[in-house]
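Enquirer: This structure is in structure tokens; I'll ask about it shortly.
Coordinate-derived values only; no laboratory data. Predicted model only: the values in this text are computed from it and were never measured. Here the Cβ positions follow ideal geometry from the backbone for every residue, glycine too, while neighbour counts run over all protein chains shown.
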Amino acid sequence: MVRIADKNRYHLYHVTIAVYHNLQSGGAKKAIFEVVAALQRRGHRIDVYQPDTANSNFYDLTSVATTVTVLPTRPHHWMRIFGALLEERRTAKLAAAMIEAKKYDGVIVTNSSLVQHPYIMRYLKQPFVLITQEYLRMYYERRERRAIDRQSPHPSTRMKALVDGLYAKFIASIDRTNLKRGHKKIIVNSKFAGQCFERAYHVPNEVYYCGVADEFKPNTVVQRTNTVVSIGALDPFKGHDFIIRSLAHVPPAIRPTLIVVADRTRQPEYAEFLEKLAHEKGVPIELQRNVSQAAIVSLLQQAKVTLCGNILEPFGLVPIESMACGTPVIAVREGGLQETVVDGVTGILTDRDQEHFGAAITKLLTDDAERERLGKNGPTYVAKKFSWASYAKKLEQDFNELRHA
């Protein structure tokens, strides 16, 4: 049975919009939540369609959408992953039929945790906007992932590496086929992501920078503590281990406590590895998992600095959320982080070098005036450049253009 949660059955709306996703927790789910919220604030009806495999708890869309239709999947015991793919394809086809029948003014498709760019793109006949947070990194960054795996405490066996490689190639073929279908406009979150996208898929795209929720703002009453924050899944690609090794270069007398905030764990053994590494390096560490947005805001407002060691991060909401709270950011000079952190204005960018990164941390911990200067620049800079309201206005223009194309 299809479940529909209808928030307001009797209301006049400016535009009716359908949104499809199959996301777990993470930045992509948070981003589509904020997009839906921004469109809803502008008076539009937003109907969300998702299979029951999507994460409904993390940034629950029922709190911002008009309706949420949950499409049930059938049990799949044989060849589990292939069964999951077949079910995603079946429910995507069903969602497309439901969307087409209601003749929405606009349709938004975003990513799938299984195949990156979802099957529904094969079945939608009307034009749509594809909001994609990244390309299929497990395939297009496989060399980088193999290098990281070889350095991990539990590297993959040759057989596992072979199977993972074949699986990534298989998913990539589905991903590419899905992406070729449909009349669409493609939205990416950074120039870096756009370049990666064009290189991988050879299709044009446009950059819309993500925004920041209103809760992320300075709190002048709260006292700063000797803490630094690193936020992201417990995954080697988030660079938490690089942060720990960099903190080891900070003099012990001023070395802060590292708070690692994670919404999910991709490798269970990675958390144990981080705690062991921190102990060996003499870095105080605290792991916090599945914390609320209010708690993240509080941590950012209290921390002296936010640290971003992400590997080839396409965009990253964490830096702009930190800067909106008046907390400067130290980040590696790569990926989308170069488009969010302004070196010497809202934070510091360094090469991926532990000593250089550690020296930047030491500088901001010992120079209160510089740290405060960078922190004060953040909120104004973020307000001018990163806005969900502006994002929603651009989408309205897209819907209008696609309808009359």
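Enquirer: Need one word for segment 217-293: rounded, prolate or oblate. Basis is the Cα gyration tensor (sqrt eigenvalues a ≥ b ≥ c); a/c below 1.5 gives rounded, then a/b vs b/c decides. Provide the component values of the computation, followed by the final result.
Expert: On the way: a/c = 2.32, a/b = 1.12, b/c = 2.06.
Judged from the Cα gyration tensor, segment 217-293 comes out oblate (a/c at least 1.5, b/c at or above a/b).
Enquirer: On a 27 Å Cα-Cα criterion, which of the cross-link pairs K217/K281; K29/K385; K125/K393; K180/K238; K281/K376; K29/K384 come out too long?
Expert: Values: K217/K281 33 Å; K29/K385 21 Å; K125/K393 24 Å; K180/K238 30 Å; K281/K376 32 Å; K29/K384 24 Å.
Pairs exceeding the cut-off: K217/K281; K180/K238; K281/K376.
Enquirer: Please express the shape of segment 165-235 as an equivalent ellipsoid: the semi-axes are the square roots of 5 times the eigenvalues of the C-alpha gyration tensor, given largest first in whole angstrom. Walk me through the numbers on the way to the answer.
Expert: Details: eigenvalues 273, 70, 21 Å².
Here the semi-axes work out to 37, 19, 10 Å.
Enquirer: Which distance in Å, rounded to a whole number, links the C-alpha centroids of segment 47-118 and segment 181-211?
Expert: 22
Enquirer: Only one of the listed values, [x] 24, 52, 19, 4, 1, 0; [y] 26, 56, 17, 0; [z] 21, 31, 26, 19, 3, 0, was derived from the coordinates as P(r) over Cα pairs in 20 Å bins from 0, in percent; which label is it?
Expert: Only one option fits the structure, namely [y].
Enquirer: So how many Å³ per residue does the convex hull of the Cα atoms of segment 227-385 work out to? Numbers along the way, then the final one.
Expert: Values: hull volume 14.7 nm³, N = 159.
So the per-residue Cα hull volume is 92 Å³.
Enquirer: On C-alpha positions alone, give me the angle between the axis of helix 191-201 and the longest principal axis of the chain, in degrees, nearest 10.
Expert: Compared with the principal axis, the helix lies near 50 degrees.
Enquirer: Can I ask one more? Can you tell me the orientation of helix 142-151 relative to the chain, as the angle in degrees between its alpha-carbon axis and the longest Cα principal axis, to the nearest 10?
Expert: The two axes meet at around 40 degrees.
Enquirer: Taking H placed 1.01 Å from N in the peptide plane, check which residues at least 5 places from I285 or on another chain put their amide H under 5 Å from its amide H.
Expert: Amide H to amide H, under 5 Å and 5 or more residues apart or across chains, I285 pairs with L258.
Enquirer: Which of rounded, prolate, oblate describes segment 76-199, given a ≥ b ≥ c as roots of the alpha-carbon gyration tensor eigenvalues and a/c under 1.5 marking rounded, otherwise prolate only if a/b is larger than b/c? Please report the intermediate quantities before stating the final value.
Expert: Numbers: a/c = 3.14, a/b = 1.55, b/c = 2.03.
Oblate, because a/c is 1.5 or more while a/b does not exceed b/c.
Enquirer: Angle, helix 368-385 long axis vs. longest principal axis of the chain, Cα atoms, 0 to 90°, nearest 10?
Expert: Approximately 10 degrees, to the nearest 10.
Enquirer: What is the pair-distance distribution P(r) of segment 120-165, computed from all Cα-Cα distances in 10 Å bins starting at 0, with each bin given as a whole percent?
Expert: Per 10 Å bin, starting at 0, the Cα pair percentages come out as 21, 35, 20, 18, 7.
Enquirer: About the Cα centre of the chain, what is the dipole size in debye to 20, counting +1 per Lys and Arg Cβ and -1 per Asp and Glu Cβ, all else neutral? Can you show the working numbers first?
Expert: Details: 55 positive and 42 negative charges, 254 e Å.
Rounded to the nearest 20 debye, it is 1220 debye.
Enquirer: Go through 180-186, 334-340, 80-86 and give me the packing order, highest mean Cβ count within 10 Å leading. It would help to have the intermediate numbers written out before the result.
Expert: Details: 180-186: 16.0, 334-340: 22.0, 80-86: 13.9.
So the order, starting with the most tightly packed, is 334-340, 180-186, 80-86.
Enquirer: Then there's this: Assign unit charges at the C-beta atoms only (+1 for Lys and Arg, -1 for Asp and Glu), then state the dipole size of segment 227-385 relative to its Cα centre in Debye, rounded to the nearest 20.
Expert: Values: 17 positive and 20 negative charges, 62 e Å.
Rounded to the nearest 20 debye, it is 300 debye.
Enquirer: Something else: What is the packing order of peptides 307-315, 155-163, 230-238, 294-302, taking the mean over residues of other C-beta atoms within 10 Å and listing the highest first? List each step's numbers first, then the result.
Expert: Details: 307-315: 25.1, 155-163: 11.6, 230-238: 22.1, 294-302: 17.9.
Sorting 307-315, 155-163, 230-238, 294-302 by mean packing, highest first, produces 307-315, 230-238, 294-302, 155-163.
Enquirer: By DSSP, what percent of the beta bridges with both residues in the chain are antiparallel, rounded to the nearest 5?
Expert: Working: 5 of 50 bridges.
If I count the DSSP bridges inside the chain, around 10 percent turn out antiparallel.
Enquirer: Moving on. Once you have a ≥ b ≥ c as the square roots of the Cα gyration tensor eigenvalues for segment 151-283, tell me rounded if a/c is under 1.5, and otherwise prolate or oblate according to whether a/b is larger than b/c.
Expert: Working: a/c = 3.00, a/b = 1.38, b/c = 2.18.
Judged from the Cα gyration tensor, segment 151-283 comes out oblate (a/c at least 1.5, b/c at or above a/b).
Enquirer: Here's something else I'd like to know. Among L374, I285, P268, whose Cα lies farthest out toward the positive end of the dipole of segment 227-385, if unit charges sit on the beta carbon of Lys, Arg (+1) and Asp, Glu (-1)?
Expert: Most positive-ward Cα: L374.
Enquirer: How high is the relative contact order of the chain, in percent, with contacts defined as C-alpha pairs under 8 Å that are six or more residues apart?
Expert: Numbers: 755 pairs, mean separation 58.3, N = 405.
14 percent.
Enquirer: With the convex hull built on the Cα atoms of segment 308-405, state its orientation-averaged projected area in nm². Spell out each step's value before the answer.
Expert: Values: hull surface 27.9 nm².
Taking a quarter of the hull surface, the average projection is 7.0 nm².
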